[in-house]
Structures are given as C-alpha cells and as structure tokens.
Amino acid sequence: MDVRTFLFYLFSVVLLFAAFRVITARNPVYAALFLVLTFFQAAGIWMLLRAEFLAISLVLVYVGAVMVLFLFVVMMLDINVDALRAGFWKHFPLAATIGALIALEMAAVLMGGFRPTEEPRALPGAAAAAQAGVQYSNTKELGKLLYSEYLFPLEIAAVILLVGIIAAIALTLRHRKDSKHFDPALAVRVRASDRLQVIKVPPTRPAEPAAAAAATGETKA
C-alpha cells in the first residue's frame with residue numbers, strides 16, 4: 001500500500017465517522033463542528049484526485065463562510081434540544097421510509113456501476129497535454145471553460161447571489177415596531193449640555209400683589 005492509498009483510506013474513515021457523528025451528536029454545536037471536519041476530509045480526498053480548485057472552494061466557501069455562519073447562529077439562538085426531540089418517534093416511520101428509499105436508490109446506482117456509454121468529455125487542452133506528457137493546471141483549464149462556454153450561467157448565478165445579498169441587508173435594516181433601537185453614532189456624539197439644562201433660580205423673590213393682598217385679607221379675618 002503506497003502513501004496515496006493510505007491517505008485515501010484515512011480520509012475516508014475519518015469522513016464517515018464525522019458524518020455519522022453529525023446526525024448522532026446531541027449538541028448542535030458539536031454537530032456543526034463534526035460537519036466542518038467532514039468538509040475538511042472531503043477536501044483532502046479531492047486533493048488526492050488532483051481537483052485542487054474544488055478542494056479549495058470547499059474549504060473557503062463551506063468551512064470558511066457557511067459553516068461558521070451556522071455555528072454562530074446555533075450558538076446565539078440557544079436552541080432547546082429537548083423541545084426539538086419531542087416529536088422524534090412520531091415522525092420516525094416517515095423518516096425511516098424516506099431513508100430506506102434513498103438507500104435503495106444509492107444501492108441501485110452502485111450496483112449498476114460507473115461505466116459510461118460514451119467517452120467522458122475532457123477539459124480543453126487536457127487531452128493534448130496528457131498525450132505530450134506535460135503537466136497542466138486544472139484550475140486554469142476550469143477557469144477558461146467557465147468564462148468562455150459557461151459565461152452566461154455564471155452571470156445568472158452572480159445576479160442571484162447579488163439579489164440574495166441585497167435581500168439579507170434589507171431584512172437586517174428593516175425596523176420593527178416592537179423593537180427599540182438607537183443610533184450608536186448619536187450616542188457617542190452626545191454632549192452633557194444637550195441633555196442637561198441648568199436654570200438659575202433666585203433663592204428669594206417678592207410675592208405678587210394679588211397673592212399678598214389675599215394673604216393679608218385672610219389674616220385680618
């Protein structure tokens with residue numbers, strides 16, 4: 001067994017263990033951390049398959065952005081796990097049926113084999129480079145193919161992501177009637193003279209004529 005085969009089996013075993021712990025961990029924070037470990041092992045397997053772009057994309061996008069966001073959301077929401085597990089056995093038959101159906105479909109695909117009916121399509125320049133014995137860059141060839149033949153779907157995906165970003169910002173900035181908020185910039189710029197006004201009041205002042213006359217009449221009576 002060479003080093004490449006050993007690393008493949010090592011990454012595969014750790015990936016299967018981490019994926020199993022994702023669905024069996026009682027703490028959602030631990031489940032999210034095991035999912036991060038699963039992504040790292042999948043990235044390692046892709047590196048062994050010389051798919052460097054997919055491996056780096058998996059680490060940067062899913063581990064560096066999506067899973068970190070999930071982890072912060074789970075930690076901030078303080079989810080009550082006992083309330084989520086209240087109806088577990090009630091929905092278990094339906095979940096078991098769907099899981100068995102998916103397992104049968106995967107078994108049918110695996111038993112059928114991976115023998116394609118036609119030759120797989122190679123990246124532009126990959127076949128020529130392989131015949132010439134020259135090493136080529138998967139990332140470079142993928143970039144050429146992505147920005148030439150698949151440029152229109154790429155632009156559509158970029159517009160969809162832009163709409164999602166704008167929608168998230170709009171939902172964040174939306175003011176609710178039942179929530180109190182303040183501007184931190186105004187709180188920092190506040191001065192004592194704007195909030196407190198000192199009024200000088202004399203210690204004594206003469207009585208008004210009408211009030212003095214009324215008081216004198218009451219005294220005489």
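The values are calculated or read from the model by the stated rules, or taken from the named source; none is laboratory data. Given the structure is predicted, the values throughout are model-derived calculations rather than measurements. Quick reminder, even Gly has a Cβ in these numbers, built from the backbone with ideal geometry, and neighbours come from all protein chains shown.
To keep it simple, each residue is scored yes or no on (1) over 30 Å from the mean Cα position of the chain (by Cα); (2) among the small types (G, A, S); (3) at pLDDT 85 or above; (4) not in a helix (DSSP H, G or I).
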site	(1), (2), (3), (4)
V63	no, no, no, no
M67	no, no, no, no
L71	no, no, no, no
I102	no, no, yes, no
E119	yes, no, no, yes
Y136	yes, no, no, yes
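Restricting attention to segment 11-65, report how many residues are β-branched (V, I, T) and out of contact with any Phe, Trp or Tyr (no Cβ under 8 Å at 6 or more places or on another chain). Of the residues in segment 11-65, 9 are β-branched (V, I, T) and out of contact with any Phe, Trp or Tyr (no Cβ under 8 Å at 6 or more places or on another chain). Among the residues of segment 11-40, those identified as surrounded by 13 or more Cβ atoms within 10 Å (Cβ to Cβ), free of Cβ contacts under 8 Å to residues at least 12 places away in the same chain and assigned to a helix (DSSP H, G or I) are F17, Y30, A31.
Checking A55, A83, A43, A129 one by one, the residue that is under 27 Å from K144 (Cβ atoms), modelled with pLDDT under 75 and in a helix (DSSP H, G or I) is A129 and no other.
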